[in-house]
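FYI, it's all coordinate maths here, none of it is from the lab. In this text, all values refer to a predicted model and were calculated from it rather than measured experimentally. A quick note on method: Cβ atoms are made from the backbone with ideal geometry, for glycine too, and the neighbour counts reach across all protein chains shown.
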Amino acid sequence: MAQAKEKTTKKKFTAAQKKEILADFKLGWVSRHMSLIGRKEVLTGKAKFGIFGDGKEIPQIALAKQFQDGDFRSGYYRDQTIMLAIDHVTPQQLFAQLYAHADVEADPSSAGRQMNSHFASRLIDEEGNWVDQTKTKNTSSDISPTAGQMARLLGLAQASKVYRNEKALKGKEWKKFSNKGNEIAFGTIGDASTSEGIFWEAINAGGVLQIPMVVSVWDDGFGISVAKKYQTTKESISEVLSGFQRTEDKDGYEILTVKAWDYEALIDTYEKAAKIAREEHVPVLVHVQEVTQPQGHSTSGSHERYKDEERLKFEEEYCCLDRFRKWILDNKIATKKKLDELEQEAQDEVNEAKTAAWKAFMDPIKEEKAKVIELINKLKEESGVEKLGEYAKNLKNYPTAIRKDILSAARKSLVATAGKKSSARDELTEWVSKSREENAERYNSHLYSETPKSPLNVEEVKPEYEDKPKRVDGRMVIRENFDKLFEKHPNVLVFGEDSGKLGDVNKGLEGMQDKYGEIRVSDAGIREATILGQGIGMSIRGLRPIAEIQYLDYLLYCFQGISDDLATIRYRTKGGQAAPLIIRTRGHRLEGIWHSGSPMGMIINGARGVHLCVPRNLTEAAGFYNTLMQGDDPAIIVEPLNGYRLKENMPSNIGEFTTPLGKPEVVNEGTDITVVSYGSTFNIVESLIPQLEEVGISVELIDVRTLLPFDLDHVIGKSLRKTNRLLVVDEDVPGGASAYIMQKVLEEQDGYFNLDSEPKCLAAHDHRPAYASDGDYFSKPNAEDIFESIYGIMREADPENYPAIY
């Protein structure tokens, strides 16, 4: 290992400077003892898992000095010192999260839903209103997937550029989100995680966009056990990125390097970085080298297993806190005795916080435990079932029993006394019911908005038409609707591949950039993951972005961000944050393997927390945009690819009509069979109605409209009571969205009890759709397939009137 060099020059410091330095020393040790004691809490069984930021205390203190009100952080699970330094969390709150205290007062970041060191500001109130972000130091909610924070970082930084430069956002109502665009977005990442593709995509996009973000790379030489010689070319991220360094005539990054143990250099480096980003809106990368990790990666193992003696010796000698102590003593800022006292004070404060957090966590649980033991013993006396005494005894003798243990004992007691009647059993049953409700609120709430601003509360306004409506291409309906949205909502932005100058590949945004400018209607590079990230970050800062992913098949490039970040943001903060991003894409039937996909099952199962809208035409799609713009949830709108050139009537109330979420539409009433579909395939089914009527089949045709949420009023179930037969048709693979629909209808809507015939799904083949018209015909449900499936169900019920076709 190369020998680190250290400054030896001594300086004189004012009393105020000395006070600040000693405060930094103590804070560093508060954070270190958080890590040391937190690890012990895990290893002694009081907490499930622990991951900490030891070794990064001094660099993070230096960074935090530049963190101003209005700024944002998009970091990861090593940033506890930053959060302590900006007064975002207290030691007690950090321990509360370690114990998974499911209370938003105890753990404001996640109410016990996230593992420790995953931080978040509470950016919205219970009514769904944004707090004033310019009066607080803000952090977007952390996620565990490495480098996942980088995409969101782009949008958080880009919002500052939008607020600084967009004239439409100079009004008073936007002041709570920005002070003239002077905010920095601070990003943090471990050196090994820079190997992830999303890091490179984000770094490239940041350089193109020229936005105020400061990216800190904590370089401790390893990614868990894997050394950086296996992670990074030349073993240096700053060297590899040197081509991104800005010059006098070309934009780029300011790239800075600094040692993690050099207090003065760290202060100077972050002061320079922040000044450049804040004033010039230039991205900065700070490569913090020679970081140590005293306890290894996490509580899952010890770093002695993979670090050699030389490395371990280096980490001991160049611990940033020990070097800071030496520097303080060399500069005669304080005595050894004073530093020892500060370190002991830090340890005592952390221990007090730990004790207080554990007591606050366990006290209400102990009350529940005592109550259940009392009820079980009472039930034993009344029922005479001896087994209950064992349940009560085991629970009593379990000192750290948690709610699952308590509820489990109560439920087992009810099983053991099934069929017996007693007042104690009634009491215990009532307790179990109440406990389930309380724990549903603790652990199952806030997947979607529960505020008055939820898009589910937006009332349906139907399209209106003149007596002789104008027949236009479907793209014109969507284009005119976008025009109205831009006019009504100055915080709406659209961006994506070919969205700007071209007006999107189907011209649904034609002329919008000329009318509203490049800030609001812009092109982006071929980088779906960071297009999504831009949208997430900007939506967190009060903008209403529409991120365009050119084709549904390309959603896979950004699906990790949709699933891990966007879909979980409200849930993982228990309603503390929202990202009302709209993802615009187009899909279903067109041409070829990668331009006619319909992977609805993938989206449904991977993106709960995001509404999924599947309109059959562009008027329905426009209505979804109008609905969602009045709400506060994220959504994906899949415009039908083959609909842009199909003729539709132009509504006279463009920009005003809404398509409701979770409200299927009965497009054709019938009595023989209920057929359910959506998107482009729905239109094929609809075209068959006259042919089916010719053979005496009356079809009740229902467009589900949205898959998430799905049929909130059980429209399909009600239809089944009339028809008693069901066919679900879509172009996803077998077992995909059609199976999801079937489960919803048969189980949740009790459709099973109203069936006279076997319910069936008609989906595409297992493979991707083949190219050209024949490829489509033989890959996805075609008109003949659909007709024969409906006919076959009717033949099973009445073979005399429906003779065999083949």
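Brief remarks on what is shown
- Distances between placed amide hydrogens fall under 5 Å for Glu639 paired with Thr585, Arg586, Gly587, all partners being 5 or more residues away or on another chain.
- The range 731-806: GluC sites (Glu not before Pro) falling in loop per DSSP and having at most 16 other Cβ within 10 Å: Glu800
- Neighbour counts of C-beta atoms inside 10 Å place Lys336, Lys484 in the sequence Lys336, Lys484, starting with the fewest.
- Estimated vicinal HN-Hα couplings, Hz - the range 521-530 in sequence order (Karplus 6.51, -1.76, 1.60; Gly, Pro = x): 9, 9, 7, 9, x, 7, 7, 4, 4, 8
- Amide hydrogen neighbours beyond the local backbone of Thr139, cut-off 5 Å, H modeled: Arg73, Ser121
- Backbone phi angles across the range 607-615, fed through the Karplus curve with coefficients 6.51, -1.76 and 1.60 (θ = phi - 60°), yield HN-Hα couplings of 9, 4, x, 10, 5, 10, 9, 10, x Hz in residue order; Gly and Pro are listed as x.
- Cα centroid of the range 125-163 to Cα centroid of the range 776-806, whole Å: 53 Å
- Degrees, to the nearest 10: 263-280 long Cα axis against longest axis of the chain: 40 degrees
- Classification of the chain by its C-alpha gyration tensor yields an oblate form. The axis ratio a/c (a ≥ b ≥ c) is 1.5 or more, and b/c is at least a/b.
- Close amide H pairs (under 5 Å, H built 1.01 Å from N) link Thr658 with Val461, Lys462, residues at least 5 positions away or on another chain.
- As a proxy for reagent exposure, Glu497, Glu438 were ordered by neighbouring Cβ count within 10 angstrom, fewest first; the result is Glu438, Glu497.
- Computed [θ] at 222 nm, helices only, for the chain once each DSSP H run of length n ≥ 4 contributes -39500 (n - 2.57): -13000 deg cm²/dmol
- The range 492-554 versus the range 181-254: alpha-carbon centroid distance in Å: 25 Å
- The range 462-562, dipole about Cα centre (Lys/Arg Cβ +1, Asp/Glu Cβ -1), debye to the nearest 20: 280 debye
- Put simply, when 193-206, 111-124 are sorted by average Cβ atoms within 10 angstrom per residue, most first, you get 111-124, 193-206.
- Shape category assigned to the range 362-443 from the gyration tensor of Cα positions, a/c cut at 1.5: oblate
- Shape category assigned to the range 665-797 from the gyration tensor of Cα positions, a/c cut at 1.5: oblate
- Backbone geometry of the range 84-96 corresponds, through the Karplus equation with coefficients 6.51, -1.76 and 1.60 at θ = phi - 60°, to 3J(HN,Hα) couplings of 5, 5, 9, 6, 8, 9, 10, x, 5, 5, 5, 5, 4 Hz, x marking Gly and Pro.
- Phe95, Phe657, Phe13 arranged by Cβ crowding within 10 Å, fewest neighbours leading: Phe13, Phe657, Phe95
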